[in-house]
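**Q** Could you have a look at this structure, given as structure tokens, before my questions?
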Amino acid sequence: MDKPVTAPMIKQAKGQRRLSMLTAYDYPFGLLADKSGVDMILIGDSLAMVVLGHEDTLSVTLDEMIHHCKPVSRAVTRALVIGDMPFMSYEPSVELALINAGRMVREGGVRAVKLEGAGLVLPQVEAMVQAGIPVQGHIGLTPQRVAQLGGFKVQGKTAEAAKKLVDESLALAEAGCFSIVLEAIPAPIAEKITEACPVPTIGIGAGVGCDGQVLVIHDILGLYDQFLPKFAKQYAKLSENIGDALTRFREEVEQGSFPGPEHSFSMDEDELKKLY
Ligand code: KIV
């Protein structure tokens, strides 16, 4: 078996090789994602949207995140398992952030956490790293701030906004992040951030110039067909296959062709005769 991936290994990969990250939210997908050989598996708060059916990521709770971190952590033996800190589980204070990150690690079994934003949360990042919890940053489109951003919009489109993103990435790296997710940022800006930033950048909707890429597993597999972001690539259309299988089951039940003899249990004829 390959050696388990650690946060220092991810940090050291900068400039050496491209990194890959996938989301997973349960045991079977944890197993499949790990088997694919990706470097990192994120239990993203996208859980709220693609699994729990919410409109955004704001309402998922720390307990719900931990509930889903547990099976993924049990499934994954190689990739670095990262748990997303949900909205308001780290912003209010350093103390709260430490307690909640500690719960993600101890109860959820993750080996690192991710949080969104820069400025306000830099002391939280520093404290977590000092406490021994590796932290992944996330800047650009930060979905937990969707209300303030006015929607799921591309960020860093002006020179001033782009400069701010470069500064945020440097501040997060300085605070101790081992890598930083760049979401929905124009490709040339993500490239500039990647050049300037000493830790790996993991892009989602940020072009090929990042050090690595992440996608939501439901988008890749075509499992979630309500909405596909422009930046996501569908490598399969599983919702069609699943839909076909479920419809065939219903039809066969209605026609009486399922279950067949091969799916049924028989019994001794003599025993059966005793009944009548
Ligand atoms: O919640 C999530 O899935 C994420 C990724 C898109 C990076 O934050």
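The values are calculated or read from the model by the stated rules, or taken from the named source; none is laboratory data. Keep in mind it's a predicted model, so treat the numbers as computed, not measured. Methodologically, a virtual Cβ is constructed for each residue, glycine included, from the backbone with ideal geometry; neighbour enumeration extends over all protein chains shown.
**Q** What residue, of Ala118, Ala75, Ala127, is of a type in the set (Gly, Ala, Ser) and within 16 Å of the ligand (Cβ to nearest atom)?
**A** On the way: Ala75 fails: within 16 Å of the ligand (Cβ to nearest atom); Ala127 fails: within 16 Å of the ligand (Cβ to nearest atom).
Matching residue, one of Ala118, Ala75, Ala127: Ala118.
**Q** For the stretch 235-259, enumerate the residues that are more than 24 Å from Val214 (Cβ to Cβ) and in contact with a helix residue (DSSP H, G or I) (Cβ under 9 Å, 6 or more places away or on another chain).
**A** Residues satisfying the conditions are Ser257, Phe258, Pro259.
Rundown of residues vs (1) more than 21 Å from the chain's Cα centre (by Cα); (2) buried (at least 22 other Cβ atoms within 10 Å of the Cβ); (3) acidic (Asp, Glu); (4) within 12 Å of the ligand (Cβ to nearest atom), yes/no style:
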| residue | (1), (2), (3), (4) |
| --- | --- |
| Arg106 | no, no, no, no |
| Ala112 | no, yes, no, no |
| Gly132 | yes, no, no, no |
| Arg145 | no, no, no, no |
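**Q** Still on this structure: Would you point out which residue out of Phe258, Phe231, Phe265 is surrounded by 11 or more Cβ atoms within 10 Å (Cβ to Cβ), modelled with pLDDT of 95 or more and not β-branched (Val, Ile, Thr)?
**A** Details: Phe231 fails: modelled with pLDDT of 95 or more; Phe265 fails: surrounded by 11 or more Cβ atoms within 10 Å (Cβ to Cβ).
Every option except Phe258 fails the conditions.
**Q** Residues Leu31, Leu47, Leu42, Leu80: which one is buried (at least 21 other Cβ atoms within 10 Å of the Cβ), away from the ligand (no atom under 13 Å from the Cβ) and either more than 11 Å from the chain's Cα centre (by Cα) or at pLDDT 95 or above (or both)? Let's see the steps before the verdict.
**A** On the way: Leu31 fails: buried (at least 21 other Cβ atoms within 10 Å of the Cβ); Leu47 fails: away from the ligand (no atom under 13 Å from the Cβ); Leu42 fails: away from the ligand (no atom under 13 Å from the Cβ).
Answer to the check: Leu80.
**Q** Quickly run through the stretch 234-250 and pick out the residues that are of a type in the set (Gly, Ala, Ser) and loosely packed, with under 12 Cβ neighbours inside 10 Å.
**A** Ala236, Ala245 - these are the residues of the stretch 234-250 that are of a type in the set (Gly, Ala, Ser) and loosely packed, with under 12 Cβ neighbours inside 10 Å.
**Q** Here are some conditions: (1) at positive phi; (2) surrounded by fewer than 19 Cβ atoms within 10 Å (Cβ to Cβ). Ala171 meets all but one. Which one does it not meet?
**A** Ala171 satisfies all of (1) at positive phi; (2) surrounded by fewer than 19 Cβ atoms within 10 Å (Cβ to Cβ) except (1).
Conditions tested, residue by residue: (1) among the β-branched types (Val, Ile, Thr); (2) closer than 19 Å to Val72 by Cβ.
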position	(1), (2)
Val110	yes, yes
Pro134	no, yes
Thr142	yes, no
Ala175	no, no
Ser179	no, yes
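**Q** Sticking with this one: Name the pairs whose Cβ atoms lie under 7 Å apart, with the first residue in the stretch 195-217 and closer than 21 Å to Tyr235 by Cα and buried (at least 21 other Cβ atoms within 10 Å of the Cβ), the second modelled with pLDDT of 95 or more and among the acidic types (Asp, Glu), and 6 or more positions between them or separate chains?
**A** Final answer for the pair search is Ile202/Asp211; Ile204/Glu183; Gly205/Glu183; Ala206/Glu183.
For (1) within 12 Å of the ligand (Cβ to nearest atom); (2) among the small types (Gly, Ala, Ser), each residue gets a yes or a no:
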residue	(1), (2)
Ile180	yes, no
Ala187	no, yes
Lys192	no, no
Ile217	yes, no
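**Q** Which ones in the stretch 50-67 are farther than 26 Å from Gly151 by Cβ and either out of contact with any strand residue (DSSP E or B) (no Cβ under 9 Å at 6 or more places or on another chain) or within 12 Å of the ligand (Cβ to nearest atom) (or both)?
**A** So the first thing to find is which residues in the stretch 50-67 are farther than 26 Å from Gly151 by Cβ, and the list is 63, 66-67.
Across the stretch 50-67, the qualifying residues are Asp63, His67.
**Q** For the stretch 219-265, what are the residues that are aliphatic (A, V, I, L, M) and more than 16 Å from the ligand (Cβ to nearest atom)? Break it down into steps so the answer makes sense when it comes.
**A** The initial filter retains those residues of the stretch 219-265 that are aliphatic (A, V, I, L, M), namely 220-221, 223, 228, 232, 236, 238, 242, 245-246, 253.
Ala236, Leu238, Ile242, Ala245, Leu246, Val253, listed by residue number.
**Q** Scan the stretch 90-110 for residues that are among the small types (Gly, Ala, Ser) and in a helix (DSSP H, G or I) and jot them down.
**A** Let us first name the residues in the stretch 90-110 that are among the small types (Gly, Ala, Ser), namely 93, 97, 101-102, 108-109.
Within the stretch 90-110, Ala97, Ala101, Gly102 meet the criteria.
**Q** Another question, then. May I ask you to say which residue of Glu95, Glu55, Glu126 is surrounded by fewer than 23 Cβ atoms within 10 Å (Cβ to Cβ), at pLDDT below 95 and among the acidic types (Asp, Glu)? Working first, answer last.
**A** Numbers: Glu95 fails: at pLDDT below 95; Glu126 fails: at pLDDT below 95.
Answer to the check: Glu55.
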